[in-house]
Number of protein chains: 4
Amino acid sequence: MKKCSVVGATGYTGTELVRLLSDHPRVRLVSVTSRSLAGKRVTDVFPHLISHINGLSFVPPDMETLARESDCVFLATPHGVSADLAAALLARNRDLVVIDLSADFRLKDPDAYAHWYGHPHPHPELLPQAVYGLPELEAAHLKGARLIANPGCYPTSVVLAAAPLVKGGLTDPTSLIADSKSGVTGAGREPTMGTHFPEVNESIKAYGVTKHRHTPEIEQELSSLAGHPLILNFTPHLLPINRGILSTVYAANPKGLSKKELLDVYHEFYKAAPFVRVYDSGLPEIRNVRGSNYCDIGFEVDARTKRFVLVSAIDNLIKGASGQAVQNMNLAFGFPETDGLKAPGVGA
Amino acid sequence: MKKCSVVGATGYTGTELVRLLSDHPRVRLVSVTSRSLAGKRVTDVFPHLISHINGLSFVPPDMETLARESDCVFLATPHGVSADLAAALLARNRDLVVIDLSADFRLKDPDAYAHWYGHPHPHPELLPQAVYGLPELEAAHLKGARLIANPGCYPTSVVLAAAPLVKGGLTDPTSLIADSKSGVTGAGREPTMGTHFPEVNESIKAYGVTKHRHTPEIEQELSSLAGHPLILNFTPHLLPINRGILSTVYAANPKGLSKKELLDVYHEFYKAAPFVRVYDSGLPEIRNVRGSNYCDIGFEVDARTKRFVLVSAIDNLIKGASGQAVQNMNLAFGFPETDGLKAPGVGA
Amino acid sequence: MKKCSVVGATGYTGTELVRLLSDHPRVRLVSVTSRSLAGKRVTDVFPHLISHINGLSFVPPDMETLARESDCVFLATPHGVSADLAAALLARNRDLVVIDLSADFRLKDPDAYAHWYGHPHPHPELLPQAVYGLPELEAAHLKGARLIANPGCYPTSVVLAAAPLVKGGLTDPTSLIADSKSGVTGAGREPTMGTHFPEVNESIKAYGVTKHRHTPEIEQELSSLAGHPLILNFTPHLLPINRGILSTVYAANPKGLSKKELLDVYHEFYKAAPFVRVYDSGLPEIRNVRGSNYCDIGFEVDARTKRFVLVSAIDNLIKGASGQAVQNMNLAFGFPETDGLKAPGVGA
Amino acid sequence: MKKCSVVGATGYTGTELVRLLSDHPRVRLVSVTSRSLAGKRVTDVFPHLISHINGLSFVPPDMETLARESDCVFLATPHGVSADLAAALLARNRDLVVIDLSADFRLKDPDAYAHWYGHPHPHPELLPQAVYGLPELEAAHLKGARLIANPGCYPTSVVLAAAPLVKGGLTDPTSLIADSKSGVTGAGREPTMGTHFPEVNESIKAYGVTKHRHTPEIEQELSSLAGHPLILNFTPHLLPINRGILSTVYAANPKGLSKKELLDVYHEFYKAAPFVRVYDSGLPEIRNVRGSNYCDIGFEVDARTKRFVLVSAIDNLIKGASGQAVQNMNLAFGFPETDGLKAPGVGA
């Protein structure tokens, strides 16, 4: 049993990590930290976990102890904070696996980080060793990795939808548009006017239009697949639901591929990916993936406009965050990729 | 045209007042105040009002100006604050009509106020002149009133449902139980953990059980109708919807009344009330009243258990707050009771 | 007072027409028809209208009587049915105004109708006289019109968003993509598996991808504005809300216009349109228009990708259907355009 | 591995059984039946189960085969139908365990069944051997049972909340009132006007008031615990959520028990029940149990009115139906009670 800790366990992704790890067959949860709730029992704050982690209380984050007593530390902390914690942990225990759920190690270019996040990267020296933890694309680099940048929720949904197209050179790289719709847990557990129930319910809005920080992350990964720089329009929208992201991706079809031909490409591309489900017919819906680690992908080919319309669906807290972090841990430790992640979606 | 002002116009009830008054045929909105948003245009904060109150900006609350320039001031301010503002306004202009949407003037007994609100009443000397503004019960006292205590949303729904029973001596006064369910706008516009979208959505919870501050208000009004003290259980629940309260009220049927007999009682009791709709068959649902000033009431008589089961529905922001305040103003000024309040519900 | 009738008054658009007309200062509702509910009081089926249309009962549709007793008949009937009814009505009363909320008279080309709707147009001889009732573009043709094709909900939201761009030749006509999100009332009042509460709630799905019947209607109107044929990708999505459509429209910016420049274009284009509100800053959200006849429009200009990202919001039952029908009637009769449509949105 | 079959696998409880059984460590799912979908792959209808039951297709229900090839058959069929199927199965295989999720074997008195369900009981001869499958009360009778009547969702929530009170003689048996609120999956998967999205969303309604069929079931179980006949008011409400029941139960406190004393009673009563969680502080909410087999119970004691206010929460599809059915199967076969049911709730 590997010993795991979760730093910043009071947000939605932290709590979801606690839930998933509490049921994982090869790990033991040794420590969950929270500055604000230190001393409180986890189940007092999260009653849905009663009977599952009854003994556990929040402790203040102490890098010394965490580095010594853990085999793997998950950082569910804000960007800017994570980089310092990762540096502190790796300096104390070079065998430790650190999986950062923030954006701090996702962009390989520290200048891009400074541009989009508004401050210099706190630890650019760590960037070269960070592996971008999208297992379907990076499985080879994850085994044995020590610092893993867990992808953003939107990038997971958009990059997985577009990757086979872009990698195969099957689209015009200037044609990509990603129109994404996310549930409110993606905005975190901190109450704000923008996530106050009556302001979200019975509505939908676009936000961060042309400026959302997940844009450079999507572009980095798709450019890497394409072999040349690629930019796109990415527009996130806030949905009045708790969990899930649906991304509708538009891309030119310059070679006139048929749906059948593209299905072959997608099935081949994801044949070894246990958490990607390609739809031969129909299109993904959030309810098909909610509560699971799947990314479902489907598409139509528009003969009139010569475009592909691709749709992907994930649970933003699982495949878009904590489930993917567990999947990354599994690969880093050489565990079976699906350990702890086998629950199907709950359906309705 | 009477000149109206709204103090504290940035919460849901304040905004709803602005919306209703902007469309009222006999009033002109002269001033809306907000400390935090002073200087901003109202439509910058509430875009749904663009084209309706385009010239209006928030101003800081100044009692001198408000008292001088208004015929009627609505206080959409927190309890504790309202009492001081009302005192300041009435001291400056004895012809002013002050309608307070807070709890400050609802309880006639200052000791009850101190007990349930945790501090002495700020202006007990004003209590004798305050009229409890439930027009269906107090119409006679509202004409010419200068200080009107606008009822709580839950009390409106519970008292109107039970009043004919209690007034007619048709139930056992110890038997009353009110189980109410409210939308989230009832909790105000301030973001909190308890009103954060993912904490409310797909759930329901009871809160303030045995201790909610609307309890003494309901008891005061029903006791007054009964002619003797009466206590009840009142349990509010938070629903994942924006607007509306449904109250299910249980009461003994010691005289064995039939549904037909009780319908006669209710139709008679509310024959002059333009905003109460008694259902001969079927039961009220929130969607029937949303967006309107109606209180819909229906019931079943349980021959097995010898109890009445009554159901009432209101829009908490209209009949439960701002619409009722406008209704009170209409009566205070001698306007037709329905002026500015004629919109039917929006249905689906 | 003009006498109005609503045929097919039991769906959401029919009921909404009844609601709006019951409050209109220049019309009297003389007849509402329903085959299935003939004989029932309207308020037994739609309790939210109690006290507003108390005397009214559904009658079976009889073209003879409708044509004789009405000045204006609204057809809230399915496509295929509407064309026959319109023909029957206009044959009996050539002064009658017929406003059809179905798709039957929207496409000017009967071959396009046959292609997208799967059957020949029932009355192609009426097409030349039908006016496409998007008042912001067609006001000149609506005065005195006798047969008005009320636009689809999605086309209203997409065409109004893109019209100034397309009319001004400011975009590449092959670049348009409209990603729309609609509430469930847009799917009608007939229960189906796809609109069953648990199948919709907490999810979102794309549907009719590359094949939705509103596509040719959007293309017809934009082509007409452009002066040459134009095709686009239109993708509708089903949102777990009751009312509202948000359309996110992507279009190339070949001339490198700034946001300021485009704002000038939009303000000029819509300067005479009382129901279009162009946002100088911020972007429309459904909650800003719910319950009103407004179409709100805003946009950002992406300097990186050289694209416009436009967002429009409407209430699909009002500006997207019944409110627009009333607006068309106002223009046909020479009434003030905003009569009966002055209610602001309800906000939260 | 025991072989299990699900008859009527296309409703929500049937699908949920398939989901739970697909992950159960001691059973193999051998057959899922559906008349309407026979021949279709289960995952074509329920994509959330792709990768979990890929080989499985619906077959027509054939009692001969089911009886021969199964160790346990779950009947997720309507009342009236289930009794015939159970009789046919048990006649063919006397070792078979039949777990009926309908109401057919819940009421021990066939006259009560005829009264509440409107037709004579189809197989009264089977009633004596049927065990009411509420494991927390009936564990002793479930081991080795061959015909198990799986309780209704509302009765599970109400009976578990009130059982310790009633069993201990701690309340006045005429004082009980249960006000329950349920998500829409409780109404089944068949589309109806009452479950059409816009008719449910943003609203709540009471239904079946004084007449709901779960009333006699609750009364039977509580009467049995009390040792004498007991009747109560039970009022169900329809909530705009997918899953979950919250029941608020009112009961007299004639002995003046304190909260502490009652907590001791509840903890003692449920000390051996792995799926009941009694709250020392706070009250249950649906979000704490959604996705799990728990029944959470909490309460307040009102010293003013001398009443208990109890609140229980369950996931209606799991503890209220399919999870409880699996729990019953575990007990019937002598498996650990929690097998296949260990998932914690999903939280937000």
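The values are calculated or read from the model by the stated rules, or taken from the named source; none is laboratory data. Not measured: the values here are computed from a predicted model. Virtual Cβ from ideal backbone geometry, glycine too; neighbours counted across all protein chains shown.
Okay, residues lined up against (1) more than 24 Å from the chain's Cα centre (by Cα); (2) among the small types (G, A, S):
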| residue | (1), (2) |
| --- | --- |
| B:S36 | yes, yes |
| B:G39 | yes, yes |
| B:P47 | yes, no |
| B:S51 | yes, yes |
| B:N54 | yes, no |
| B:V59 | yes, no |
| B:R68 | yes, no |
| B:D71 | no, no |
Picking from A:R106, A:R92, which residue would you name as being under 30 Å from A:S224 (Cα atoms), basic (K, R) and more than 14 Å from chain D (Cβ to nearest Cβ)?
A:R106
Looking at B:G169, is it modelled with pLDDT under 95, at positive phi and either crowded, with 19+ Cβ neighbours inside 10 Å or not assigned by TED's automatic domain parsing to the domain that holds B:F74 (or both)?
no
Would you pick out the residues in the range A:285-299 that are within 13 Å of A:F275 (Cα to Cα) and among the β-branched types (V, I, T)?
A:V289, A:I297
How about the range B:36-151: which helices (runs of 4 or more DSSP H) wholly inside it have at least 2 residues that are of a type in the set (F, W, Y)?
B:110-117
Of the residues C:P191, C:P151, which single one is within 22 Å of C:E16 (Cα to Cα), free of Cβ contacts under 8 Å to residues at least 40 places away in the same chain and not polar (S, T, N, Q)?
C:P191
D:T210: over 13 Å from D:V249 (Cβ atoms), touching a residue at least 60 places away in the same chain (Cβ under 8 Å) and either part of a strand (DSSP E or B) or within 12 Å of chain B (Cβ to nearest Cβ) (or both), yes or no?
no
Based on this model, can you work out whether B:G80 counts as free of Cβ contacts under 8 Å to residues at least 24 places away in the same chain and surrounded by fewer than 24 Cβ atoms within 10 Å (Cβ to Cβ)?
no
Considering the range A:181-207 alone, what residues qualify as being in a loop (DSSP other than H, G, I, E, B) and within 11 Å of chain C (Cβ to nearest Cβ)?
A:G183, A:N201, A:E202, A:S203, A:I204, A:Y207
Listed by range, strands (runs of 3 or more DSSP E) wholly within the range D:247-330 having at least 2 residues that are within 12 Å of chain B (Cβ to nearest Cβ) and buried (at least 18 other Cβ atoms within 10 Å of the Cβ) are D:295-302, D:307-314
A:R19 fails exactly one of the following numbered conditions: (1) touching a Pro at 6+ places or on another chain (Cβ under 9 Å); (2) in contact (Cβ under 8 Å) with a residue 24 or more places away in the chain; (3) more than 14 Å from chain D (Cβ to nearest Cβ). What is the number of that condition?
(3)
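Yes/no per residue for (1) within 12 Å of another protein chain (Cβ to nearest Cβ); (2) modelled with pLDDT of 95 or more; (3) buried (at least 23 other Cβ atoms within 10 Å of the Cβ):
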position: A:H24; (1), (2), (3): no, yes, no
position: A:T33; (1), (2), (3): no, yes, yes
position: A:L56; (1), (2), (3): no, no, no
position: A:L75; (1), (2), (3): no, yes, yes
When you check C:A178 against the structure, is it crowded, with 24+ Cβ neighbours inside 10 Å and either at the interface with another protein chain (Cβ under 7 Å from one of its Cβ atoms) or farther than 23 Å from B:N242 by Cα (or both), yes or no?
yes
Pull out all pairs, ordered by first then second residue, where Cβ-Cβ is under 6 Å, the residues are six or more apart or on different chains, the first lies in the range C:157-170 and is under 27 Å from C:L317 (Cβ atoms), and the second is among the aromatic types (F, W, Y).
C:P164/C:Y266; C:P164/C:F269
